[in-house]
Amino acid sequence: MDKIVIKGGRALHGEVQASGAKNAALPILASALLADGTSTYRNVPDLADVATMLKVLRTMGCDAERDAETSDVCQVGVNGHITPEAPYELVKTMRASVLVLGPLVARFGRARVSMPGGCAIGARPIDQHLKGLKALGADIHLTEGYVEATAKQLKGGTVNFDVITVTGTENVMMAAVLAKGRTVMENCAREPEVEELAKVLNKMGARIEGAGTSIITIQGVDGLKPVEHAILPDRIEAGTLLVAAAISGGDVLVKRVVPEHMDAMVEKLREAGCTLTAEGGGLRCKAPQRLEAVNITTTEHPGFPTDMQAQLMALMSVSQGTSVINENIFENRFMHVPELHRLGADITIQGHTAVVKGVKGLSGAPVMATDLRASASLILAGLRAEGRTDVSRVYHLDRGYERLERKLSGLGADIRREKA
Ligand code: EPU
């Protein structure tokens with residue numbers, strides 16, 4: 001198993017480009033199931049999770065590959081026979097595999113998808129996905145650990161989500177585009193990735209309005225056509241790189257981002273004393289002489305994203321003063337805390353709240369990644385820590401960051417991947 005070895009203490013400088021967004025790429029790849037023919041996607045990040053989604057699609061009989069020459073291009077061909085089933089072996093490695101459920105039942109009238117279990121950051125049920133599909137007329141049965149959904153023809157309906165869910169909104173939206181009649185979805189997730197999926201579906205011929213707001217209306221159509229689309233930049237990867245600039249005392253321009261998707265992160269970095277400027281389609285972050293403590297509460301978009309909580313906690317661990325971090329989305333997303341303790345951070349957890357008392361410095365140590373964003377937070381802390389930090393279980397990082405260590409070393413970090 002690979003590990004990342006960092007020698008901390010270098011301020012990062014220069015320019016770096018954000019890759020395509022993981023959490024947009026995954027539903028968009030699944031949406032290819034909605035049309036016969038080959039869809040082509042550009043700016044698809046080269047990540048383990050994307051490889052898993054391509055595998056899920058291949059297992060069903062799609063022709064789903066990453067282009068060997070232009071590595072950011074993926075094609076998904078849906079021609080001929082599809083087995084509408086996502087097996088446990090794949091869903092257990094990536095719960096976002098459940099995103100094939102909506103498209104499969106809408107297009108093929110039948111889907112058999114393994115129930116995702118809990119995961120390191122929380123229980124993460126899919127009851128709202130199923131509630132939405134039922135409202136469109138799907139019959140749902142749970143047998144042998146699988147969700148079986150059937151519907152001769154889905155029918156438009158009203159779906160009012162009890163909980164705001166990103167992939168739930170996406171799954172039901174992908175089902176409703178081929179349902180007969182009009183669907184109204186209320187209390188929807190407003191994340192830019194939901195909006196991006198709607199944009200792609202509309203390019204394919206769907207009639208969706210309101211994506212990016214909490215009410216989405218969809219007029220069902222008889223069929224969709226394949227699409228060509230470039231995936232939007234990853235706001236969480238970009239945010240992680242901005243924090244790398246801040247925590248290392250550096251000055252970095254992250255190119256190719258959509259600044260308005262990052263307002264909540266920018267606001268918190270400014271509060272911490274950083275200078276943030278929009279520059280040529282990118283965002284620059286210049287670290288202050290002294291970082292200040294800031295309080296953070298994670299909420300659904302446009303609030304502060306849970307996917308940046310661990311990274312901001314690393315930053316707060318070396319800021320002046322005491323920060324209070326409330327995690328409102330997932331019940332167990334503080335697994336990075338005991339590992340940050342190993343580097344010398346002073347953090348106390350009380351339920352959903354972490355109290356971070358800034359310390360003067362961190363000191364390098366071997367640490368273990370427990371999930372994707374936790375691994376990013378440990379790498380960020382390692383950039384600041386004195387001496388050597390070894391971050392093991394890097395497979396978590398590779399699920400969602402495209403060659404992060406190369407991007408950071410391009411900015412001057414002393415960081416390398418070692419084969420164990
Ligand atoms: N929830 C339910 N019932 C449901 C669905 C969700 O109770 O049917 C709860 C969850 O347990 C959680 C909350 O609602 O407490 C929000 O979960 P959501 O469904 O929005 O999360 P998700 O769709 O499974 C996506 C991202 C996550 C990101 C969350 C929150 C993808 C593929 N994943 O997950 O990304 O943290 O939204 O923004 O889009 C990551 O990239 O590191 C990551 C975990």
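Rolling a 1.4 Å probe over the protein heavy atoms leaves Lys286 with an accessible area of roughly 100 Å². Over the chain, DSSP H runs of length four or greater, each weighted -39,500 (n - 2.57), average out per residue to a 222 nm ellipticity of -8500 deg cm²/dmol.
Build a GNM of the chain with springs between Cα atoms under 10 Å apart, and of Thr348, Thr213, Thr143 the one that fluctuates most is Thr143. Exceeding 18 Å between C-alpha atoms, which entries from my cross-link table qualify? They are Lys286/Lys357; Lys255/Lys286; Lys134/Lys155; Lys55/Lys203; Lys199/Lys225. Listed pairs above 18 Å: Lys286/Lys357; Lys55/Lys203.
Residues in segment 355-397, backbone N under 20 Å from the label point at Arg416 (7 Å along the Cα-to-beta-carbon vector): list them, ranges by number please. Residues 364-367, 379-380, 382-395 fall inside that zone.
Placing +1 on each Lys and Arg Cβ and -1 on each Asp and Glu Cβ, with no other charges, gives segment 236-319 a dipole about its Cα centre of roughly 280 debye. When the charge dipole of the chain is built from unit charges on Cβ atoms (+1 for Lys and Arg, -1 for Asp and Glu) and taken about the Cα centre, the candidate among Thr38, Leu362, Pro87 whose Cα reaches farthest toward its positive end is Leu362.
For Arg107, what accessible surface area do you get with a 1.4 Å probe? Give it in Å², rounded to 10. Probe radius 1.4 Å; accessible area of Arg107 about 70 Å².
Solvent exposure of the chain, expressed per residue, is 39 Å² of accessible area, with all protein chains present and a 1.4 angstrom probe.
State the percentage of accessible surface on the chain attributable to carbon and sulfur atoms; use a 1.4 Å probe and exclude ligands, DNA and RNA. Of all accessible area on the chain, carbon and sulfur atoms account for 47 percent.
Loop-located GluC sites (Glu not before Pro) in segment 1-75 (DSSP state other than H, G, I, E, B) with a sparse environment of at most 16 neighbouring Cβ atoms within 10 Å: Glu69. Charge dipole of the chain (Cα centre as origin; +1 on each Lys and Arg Cβ, -1 on each Asp and Glu Cβ, all else neutral): 300 debye, rounded to the nearest 20.
The values are calculated or read from the model by the stated rules, or taken from the named source; none is laboratory data. These numbers were taken from a predicted model, which means no experiment stands behind them. A quick note on method: Cβ atoms are made from the backbone with ideal geometry, for glycine too, and the neighbour counts reach across all protein chains shown. In case anyone asks, the SASA skips ligands and DNA or RNA and just uses the protein heavy atoms, side chains included. Shrake-Rupley method; radii C 1.70, N 1.55, O 1.52, S 1.80 Å.
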